[in-house]
Amino acid sequence: MLRRNIDVFEECKNKALLKFVIMLGELNCVKEMFLLELLEGEKEFILEQVSEILKNNRTERENLVPLLQKVQGVLGYLPEPAIEKIAKTIDIPAVDVFGLATFYNQLRLNPPGKYQIKVCMGTACHMIGGQIILESFERRLDIVEGETTPDRKCSLERVACVGCCAIAPVVVVNEFIEGSLTPTRVDGILLQFDGDDQEEEAGEQEQEQESEGGQDS
Ligand code: FES
């Protein structure tokens, strides 16, 4: 039964199913399927920051949500070592903390991408193709909402009305709003990210060359 449920989870990963797997207590499944690997040295940094937060705040169980919010405020998300450390300090199972983190939409288990894509799923956007736009991003990025691409370039989430219903369907990329979206425009947005990255890289190289030139003279 559990194997079947996990197969379903693999087919259509999303936050609701993630909650379900957590409910089953299958923490290892969650880690393998849903969480991104940490970068080199990231674990040490995380533990340092979390220790500092735990030292300066109350650590009773009823303070769990504010603690998670503080950690997310500093790290941008709730990485696995942070969750485990908090669980240990409060003396509750880590699976309970994962469960809570998936219950609150504002809490995230994966790092925000360099490009944070928020697809509006308010009523107006939903009626006029918001779901198609979300699925277009999911297909092109090969992730589902709530996830981040393995290179941490893009993260994808759904949000409630962002107040621009007249130009629905709407997506917010970092702080910029794009309206009247179509699947073709989704391709355009992703191509624009590549272009921006190339420009940024070229600028950095230019700066490096300039500073090297300055040192030589
Ligand atoms: S419903 Fe999407 S901007 Fe209002």
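Read-outs: derived from the displayed coordinates by stated rules, not from any lab. What you are looking at is a predicted structure, and each value in this text was computed from that prediction instead of being measured. Here the Cβ positions follow ideal geometry from the backbone for every residue, glycine too, while neighbour counts run over all protein chains shown.
Brief remarks on what is shown
- What the Cα atoms of the stretch 53-116 give is an Rg and a Dmax of 11.2, 36 Å.
- Working from the Cα coordinates of the stretch 115-213, the gyration tensor eigenvalues give, after taking √(5λ), semi-axes of 30, 14, 11 Å in decreasing order.
- Approximate spin-label separation residue 116-residue 209, in nm, with each point projected 7 Å along Cα-to-Cβ: 3.5
- A Förster distance of 35 Å, applied to the separation of the beta-carbon atoms of residue 69 and residue 131, puts the FRET efficiency at 0.75.
- Proxy reagent accessibility, fewest Cβ within 10 Å first, across 149, 184, 102, 89: 184, 89, 149, 102
- Amide H contacts of residue 159 (H built 1.01 Å from N, in plane; Pro and chain starts excluded): 119, 120, 121 sit under 5 Å, all sequence-distant by 5 or more or on other chains.
- Between residue 124 and residue 197, the simple label model (points 7 Å from Cα in the Cβ direction) yields a spacing of 3.3 nm.
- Computed over the Cα atoms of the stretch 40-81, pair by distinct pair, the Kirkwood hydrodynamic radius stands at 10.5 angstrom.
- Cβ-based exposure ranking for 40, 84, in which fewest neighbours within 10 Å come first: 40, 84
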